[in-house]
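In what follows, a structure is listed as C-alpha cells, so that the remarks can point back to it.
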Amino acid sequence: MCMKKDNEILKLSGLKSTPTRLSVLEVFSQYCKPINAEYILDILGKDKTDTVTVYRTLNMFEKKKIIHQVDLRKDSVYYEFSNHHHHHHIVCTKCGYIERFDDCRISEMSKELLSKKSKFNIIQSHSFELFGLCNKCNK
Ligand SMILES: [Zn+2]
Ligand SMILES: [Zn+2]
Ligand SMILES: [Zn+2]
C-alpha cells in the first residue's frame, strides 16, 4: 500500500522528521480508511503526544498533500493517506460503516466536461462519497 518510506515522504515534503510526524504517518499508511484526530490520539496514546501537536501535524500534512480530507458529513474532519490507491467511499448514515470502491470514472467525466463549454481548463482534484444504508441497517 505504502509506496514510499515514511521518513522519505517527510523529506520530500521538506519536513523535518519528528517522532509525532513519523508515528502519525505510520498510522495513515497502516489504516486504509478515513480517520480523524481523535482516532490518531487514541492510537498514539496521550502520554506520547498531545491534541495540539496532532492537529498541527494534520494541518501541515494536508498542506503538503501527504493526506487529504474525506467528507463523511461528520462533526470532525477525516483524512486519508494520499499515497493509497485512488478510491471513494460509501457511508452508512445510520451505523457509520464505510465501504471503499476503486472504480472511479470522474477523471473521464471531467475531461468530457472541460472539452465542452466550461470556464475551467484544469481540474486538480475531486471528492466523491456516497451515502446510504448498509444491508444490516436497511432490514
Ligand atoms: Zn478510503
Ligand atoms: Zn449501517
Ligand atoms: Zn475518483
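The values are calculated or read from the model by the stated rules, or taken from the named source; none is laboratory data. Computed from a predicted model, the values in this text were never measured in an experiment. Note: ideal-geometry Cβ built from the backbone for every residue, glycine included; neighbour counts use all protein chains shown. Surface accessibility is based on the protein's heavy atoms, side chains included, excluding ligands, DNA and RNA. Shrake-Rupley method; radii C 1.70, N 1.55, O 1.52, S 1.80 Å.
Of all the criteria given as (1) assigned to a helix (DSSP H, G or I); (2) within 16 Å of ligand 1 (Cβ to nearest atom), the one not satisfied by Leu22 is (2). Considering His85, His89, the condition of being outside any loop (DSSP other than H, G, I, E, B) and either among the basic types (Lys, Arg) or under 25 Å from Thr57 (Cβ atoms) (or both) is satisfied by His89 alone.
Scanning the stretch 44-64 for residues that are surrounded by fewer than 15 Cβ atoms within 10 Å (Cβ to Cβ) and either of a type in the set (A, V, I, L, M) or closer than 18 Å to Ile9 by Cβ (or both) yields Val52, Arg56, Asn59, Lys63. The requirement of being open to solvent by 100 Å² or more (accessible area, probe 1.4 Å), at pLDDT 95 or above, polar (S, T, N, Q) and over 24 Å from Lys5 (Cβ atoms) is not satisfied by Asn36.
Of all residues in the stretch 70-82 being in a loop (DSSP other than H, G, I, E, B) and acidic (Asp, Glu), which is farthest from Asp103 (Cα to Cα)? This residue is Asp75. The C-beta contact set for the stretch 104-117 (first residue open to solvent by less than 60 Å² (accessible area, probe 1.4 Å), second residue part of a helix (DSSP H, G or I) and away from ligand 2 (no atom under 16 Å from the Cβ), distance under 7 angstrom, 6+ apart or interchain) is empty.
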